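Here's the structure, in structure tokens; my notes come after.
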Amino acid sequence: MRLLVQVDHPLAKCQLTIVRDKRTEPHRFRAAIRRLTSLIACEATRSMELRAIEVETPLTRCAGHTLAQRIGLIPILRAGLGMVEPVLELVPEAEVWHLGLYRDEQTAEPIHYYSKLKPDSPVHVAMILDPMLATGGSAALACQRVKDWGAEKVMLLSVIAAPEGIARVHSEFPEVDIYTCSVDAGLNANKFIVPGLGDAGDRIFNTLS
């Protein structure tokens, strides 16, 4: 099953405009990324399994719910770090693990340099966080690492995505659900998303040259 969910919400469209604008300062860019991530995470968590519990209100006892599965957030370093906090605000019990990947600018292929996934304790649901799904190389490698780890369900959350990246992930991992706020036109000759938003990591961490 190939699931692609595009968050078509008025607030998402407004925040997308902010992150696309090259004049947006880093602090406003970070804030807009957080808001967009919250909207994406709301959609991605719709399918989470619940466990029934009972709680006592100030007046009586009543039925309630809690998450039934262990949720893991796996940001792809470093840009994915900008998406962690808003998901934790929604799912405070989630675990945070890390994958370090970067793109070789000559080949546009991902290079893996760091992994923090506890070998004997995979989560039930893994949410891979990366603001941009471009060629799909890093996303596919992250999906493979997380599946090898043993996660039962894998989701990919990206602010914007290119059709090429979506196609690659779904061709290699048709069971991985992709959530995004925008499917852009495509990639340019340098493998950057167009219209895109530039380099998300540099804009989040204010390291533009």
Among the residues of the range 156-174, write down those that are more than 18 Å from ALA189 (Cα to Cα) and acidic (Asp, Glu).
GLU172
Number of the exception - ALA142 against (1) within 18 Å of VAL96 (Cβ to Cβ); (2) of a type outside the set (S, T, N, Q); (3) more than 14 Å from the chain's Cα centre (by Cα)
(3)
Taking into account only those residues within the range 145-192 that are open to solvent by less than 10 Å² (accessible area, probe 1.4 Å) and among the β-branched types (Val, Ile, Thr), which is farthest from ASP21 (Cα to Cα)?
VAL146
Any idea which of (1) closer than 16 Å to VAL169 by Cα; (2) in a strand (DSSP E or B) is the one TYR102 doesn't satisfy?
(1)
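To keep it simple, each residue is scored yes or no on (1) open to solvent by less than 30 Å² (accessible area, probe 1.4 Å); (2) within 18 Å of the chain's Cα centre (by Cα).
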{"position": "ILE53", "(1), (2)": "no, no"}
{"position": "THR60", "(1), (2)": "no, no"}
{"position": "GLN69", "(1), (2)": "no, no"}
{"position": "GLY82", "(1), (2)": "yes, yes"}
{"position": "GLU85", "(1), (2)": "no, yes"}
{"position": "ALA94", "(1), (2)": "yes, yes"}
{"position": "ARG103", "(1), (2)": "no, yes"}
{"position": "VAL123", "(1), (2)": "yes, yes"}
{"position": "PRO131", "(1), (2)": "yes, yes"}
Considering only residues that are of a type in the set (Asp, Glu) and closer than 18 Å to ASP184 by Cα, look in the range 1-41 and name the one that is surrounded by the fewest Cβ atoms within 10 Å (Cβ to Cβ).
ASP8
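Before we move on, is ILE160 in a helix (DSSP H, G or I) and over 30 Å from ASP120 (Cβ atoms)?
no
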Can you work out which of the residues in the range 2-16 that are aliphatic (A, V, I, L, M) and touching a strand residue (DSSP E or B) at 6+ places or on another chain (Cβ under 8 Å) is farthest from GLY165 (Cα to Cα)?
ALA12
For the condition part of a loop (DSSP other than H, G, I, E, B) and touching a residue at least 24 places away in the same chain (Cβ under 8 Å), what is the one hit in ALA189, ALA151, ALA139?
ALA151
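The values are calculated or read from the model by the stated rules, or taken from the named source; none is laboratory data. Nothing here was measured: the structure is a model prediction, and the numbers come from that model. No Cβ is skipped: glycine too gets one built from the backbone with ideal geometry, and neighbour counts run over all protein chains shown. Heavy atoms of the whole protein, side chains included, go into the accessibility calculation; ligands, DNA and RNA do not. Shrake-Rupley method; radii C 1.70, N 1.55, O 1.52, S 1.80 Å.
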